Amino acid sequence: MPETARWLGGFIRWLLKGCRTSLQDEIGGNLDATWGGTYDTENYVIGLGTIVIILGIVFRLVF
């Protein structure tokens, strides 16, 4: 689960940057962190938030 959340967070971050950075650098955490200590931590938090939003939407549609 943590690897999936980090990967998803890197992918979402790459999309938000307009695909102008390297996807491999985004997912691998090879860039400088701005608010979370490390880039992997930032990607993990973004990924968890995305998973919560997706699960909330799915839960709302099903129930």
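Quick notes on this structure:
- Search result, residues across the stretch 1-18 that are open to solvent by less than 60 Å² (accessible area, probe 1.4 Å) and within 11 Å of residue 41 (Cα to Cα): 2, 5, 9, 10
- Qualifying positions in the stretch 2-21 - within 8 Å of the chain's Cα centre (by Cα) and β-branched (Val, Ile, Thr): 12
- Of all residues in the stretch 34-55, those that are at pLDDT 95 or above and open to solvent by less than 40 Å² (accessible area, probe 1.4 Å) total 7.
- Test: residue in the stretch 19-29 that is buried (at least 16 other Cβ atoms within 10 Å of the Cβ), at positive phi and touching a residue at least 12 places away in the same chain (Cβ under 8 Å): yes
- Residues in the stretch 41-63 that are of a type in the set (Phe, Trp, Tyr) and farther than 16 Å from residue 5 by Cβ: 59, 63.
The values are calculated or read from the model by the stated rules, or taken from the named source; none is laboratory data. This structure is a prediction, so every number in the text was calculated from the model and none was measured. Cβ coordinates were reconstructed from backbone atoms using ideal geometry, including for glycine residues, and neighbour counts include every protein chain displayed. In case anyone asks, the SASA skips ligands and DNA or RNA and just uses the protein heavy atoms, side chains included. Shrake-Rupley method; radii C 1.70, N 1.55, O 1.52, S 1.80 Å.
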